[in-house]
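The values are calculated or read from the model by the stated rules, or taken from the named source; none is laboratory data. Note that the structure is predicted; figures quoted are calculated from it, not measured. Here the Cβ positions follow ideal geometry from the backbone for every residue, glycine too, while neighbour counts run over all protein chains shown.
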Amino acid sequence: MSVSINYSEVVKEFIIDNFLFGDGAKITNDTPLLEKGIIDSTGVLELVAFIEDNFKVTVTDEELVQENFSSLIAIEKFLQSKNNKTASN
């Protein structure tokens, strides 16, 4: 039996608390986080540190691309992919 984690909800809470100062009205699952200026390059590094600490994954330099962190949907897909790779090993 596996437990499904809703990564995007946990990450959304982190983004709201740390980058939007509690204003969750500015973000949806498909909001472009970088394009809208919600997070910048330093913010991406903070987000990656949060993800690594909370979800016990390692984000490699090759994975540190806009495609993986452009929105909550992209982050969810990326983390599900990482989880699937770990589960199959």
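In segment 16-29, the residues that are surrounded by 12 or more Cβ atoms within 10 Å (Cβ to Cβ) reach residues that are modelled with pLDDT under 90 and not acidic (D, E) with C-beta atoms within less than 8 angstrom, at least six apart or across chains, in these pairs: I16/G22; I16/G24; L20/K26. Among residues of segment 56-75 that are free of Cβ contacts under 8 Å to residues at least 24 places away in the same chain, those with a Cβ under 7 angstrom from a residue that is surrounded by fewer than 15 Cβ atoms within 10 Å (Cβ to Cβ) and in a helix (DSSP H, G or I), sequence gap 6+ or separate chain, pair up as T58/E52; V59/E52; A74/E67. Every condition in (1) modelled with pLDDT under 95; (2) within 14 Å of K12 (Cβ to Cβ); (3) not acidic (D, E) is met by I73 except one, and the failing one is (1).
Considering segment 42-78 alone, what residues qualify as being more than 21 Å from G24 (Cα to Cα) and touching a Ser or Thr at 6+ places or on another chain (Cβ under 8 Å)? Selection gives E52, V57.
Flag set for V11, criterion: modelled with pLDDT of 95 or more, β-branched (V, I, T) and either under 24 Å from K85 (Cα atoms) or surrounded by fewer than 17 Cβ atoms within 10 Å (Cβ to Cβ) (or both).
Checking each residue in segment 18-76 for being among the basic types (K, R) and touching a Lys or Arg at 6+ places or on another chain (Cβ under 9 Å) picks out K26, K36. Among the residues making up segment 42-89, those that are hydroxyl-bearing (S, T, Y), assigned to a loop (DSSP other than H, G, I, E, B) and surrounded by fewer than 17 Cβ atoms within 10 Å (Cβ to Cβ) are T58, T60. Here are the criteria: (1) in a loop (DSSP other than H, G, I, E, B); (2) touching an Asp or Glu at 6+ places or on another chain (Cβ under 6 Å). Tell me which single one G37 does not satisfy. Unmet for G37, out of (1) in a loop (DSSP other than H, G, I, E, B); (2) touching an Asp or Glu at 6+ places or on another chain (Cβ under 6 Å): (2). Going through (1) touching a Phe, Trp or Tyr at 6+ places or on another chain (Cβ under 8 Å); (2) not in a helix (DSSP H, G or I) one by one, T28 falls short only on (1).
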